[in-house]
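Reviewing the structure listed below.
The values are calculated or read from the model by the stated rules, or taken from the named source; none is laboratory data. None of the values given here were measured: they were computed from a predicted structure. For neighbour counting, all protein chains shown are included, and Cβ atoms are generated from backbone atoms with ideal geometry for every residue, glycine included. Quick note on the areas: whole protein, heavy atoms, side chains included, nothing else; ligands and nucleic acids left out. Shrake-Rupley method; radii C 1.70, N 1.55, O 1.52, S 1.80 Å.
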Amino acid sequence: MSRLAPDDADARFIRRLFLVVLVVGLFAALYVAGDLLILAFGSVLGAIVIHAVAEIYRERLRMPARLALGLAIVTVLALVAFLGWLFGVAFREQVNMFVARLPAMLDALGRYMAQSPVGAKIDDAVRAAYAGSRVAQDIGGLAQGVGEIFLNALLVLIGAIFFAVDPGVYERGFLLLMPPSKRAAIDDALVDVASTLRLWLRAQLIQMTTMGVMVGCGLWLAGVPSAAALGLLSGLSEFIPYIGPLAAMLPALGLAATQGPASVFWALLVFALVRLVQTNFVTPLSTSRVIAIPPAVTLFAILAIGAVFGIFGLFFSAALLVVIFTLVRSLYLRETLGEDMPHGTR
């Protein structure tokens with residue numbers, strides 16, 4: 001008998017040491033390749049969208065699976081091209097006017113706040129926090145490199161098509177990395193995540209559409225310049241809860257300020273009424289059967305994900321939070337603790 005062969009206690013120690021090294025390596029990989037991982041996650045979301053569209057074609061039009069998938073890819077590509085056309089052609093003058101006026105609007109807001117001691121302190125604090133934040137650095141880098149945005153979006157789109165064409169290969173490869181005794185539970189959790197994400201994306205599409213239409217129409221009635229572009233921006237910003245709509249409101253108020261105090265008042269009223277409708281009618285109806293995450297958890301989790309992964313992580317933070325919440329529910333509460341939590345429940 002070899003004296004160097006590990007006994008049971010040594011084997012347990014080696015397994016625990018290996019797990020510690022694995023966790024440390026995982027966090028190191030997240031830190032080093034965070035941008036790449038978040039883009040890969042965006043590709044997975046895109047693949048889920050493609051399969052959701054393909055399912056509609058397959059069920060409603062009785063199409064074969066391959067034909068429905070191909071038509072779904074064409075549909076998603078057409079939608080992306082349409083959004084690019086809206087920003088690049090239809091709303092080009094409005095977007096250019098907004099970008100040209102943005103620095104002056106920010107300076108005017110700073111001068112207005114500096115008229116009072118409290119406002120001056122707030123302005124200094126916001127400028128200092130903005131200058132030292134990673135999000136500010138990422139935004140500055142994005143403003144200087146439009147090509148980087150285009151390449152990242154192209155990478156996400158191509159990755160989504162690859163994932164959508166044959167998702168089983170990636171799922172089987174991932175499951176093979178797991179211990180055989182845990183594969184069934186992990187497979188169920190992956191199905192739960194995919195189902196929840198699909199329902200969540202459908203709810204987000206409803207909220208983004210209603211938000212964009214209501215804000216665009218309301219700002220147009222209020223006489224705010226670039227109302228259509230601002231409505232589209234507000235609709236897209238709904239993808240990031242709490243932070244996105246607030247960020248989309250600021251340029252609208254800035255452009256309204258160029259028309260006078262009355263336009264600012266009406267713009268504020270539009271956003272207040274739209275938020276009231278969204279919060280009390282649209283959001284509860286669209287998300288009642290999906291997932292319910294406490295608002296405070298959502299807010300701070302989004303900020304934390306944005307701090308770790310930067311501006312791209314902030315964009316996908318809500319979807320990533322849904323995945324984390326679903327995995328905790330499936331793998332920890334149901335499988336580990338044995339809580340009675342059926343699939344797809346909140």
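Between rounded, prolate and oblate, where does region 250-295 land on the alpha carbon gyration tensor, with a ≥ b ≥ c its root eigenvalues, rounded for a/c under 1.5, else prolate if a/b exceeds b/c?
Because a/c hits 1.5 or more and a/b exceeds b/c, region 250-295 counts as prolate.
At 0.36 nm per residue, and after removing the present C-alpha to C-alpha distance, how many nm does the segment from LEU83 to ILE161 gain when stretched out fully?
So the chain would gain 26.3 nm between LEU83 and ILE161.
Checking the a/c ratio against 1.5 first, then a/b against b/c, what shape does the Cα gyration tensor give for region 224-264?
oblate
For the pair ARG172 and ARG60, what calculated FRET efficiency results from E = 1/(1 + (r/R0)^6), where r is the Cβ-Cβ distance and R0 = 30 Å, to the nearest 0.05? Let's see the in-between values first.
On the way: r = 30 Å, r/R0 = 0.99.
Once the sixth-power term is evaluated, E becomes 0.50.
If each residue of separation counts as 0.36 nm, what is the full-extension length gain between GLU339 and VAL308 once their alpha-carbon separation is subtracted?
8.0 nm
Using protein chains only and a probe of 1.4 angstrom, how many square angstrom of TRP266 are accessible, to the nearest 10?
So the heavy atoms of TRP266 present about 130 Å² to solvent.
How would you rank 321-334, 61-74, highest first, on the average number of other Cβ atoms within 10 Å across their residues?
Top to bottom by mean Cβ count within 10 Å: 321-334, 61-74.
Could you check the simple spin-label distance between GLN115 and ALA262, using points 7 Å along Cα→Cβ, in nm with one decimal?
Taking the two extended label points, one gets 1.9 nm.
Let me make sure I get this right: for region 229-346, a, b and c are the square roots of the gyration tensor eigenvalues over alpha carbons, sorted descending. Under 1.5 in a/c it's rounded, otherwise prolate if a/b > b/c, else oblate. Which is it?
It comes out prolate by the Cα gyration axes.
What FRET efficiency would be calculated for the residue pair LEU67, LEU327, taking the C-beta separation as r and a Förster radius of 22 Å, to the nearest 0.05?
Efficiency computed from Cβ-Cβ geometry: 0.05.
Report, to the nearest whole %, how much of the accessible area of region 150-282 belongs to carbon and sulfur atoms, 1.4 Å probe, protein only.
Carbon plus sulfur share of accessible area: 78 percent.
Pulled fully out, how much extra length does the chain show between SER195 and LYS182, if you take 0.36 nm times their separation in residues and subtract their Cα-Cα distance?
Going from the current span to full extension adds 2.7 nm.
For the pair PHE300 and ALA28, what calculated FRET efficiency results from E = 1/(1 + (r/R0)^6), where r is the Cβ-Cβ distance and R0 = 22 Å, to the nearest 0.05?
Working: r = 24 Å, r/R0 = 1.09.
After rounding, the FRET efficiency stands at 0.35.
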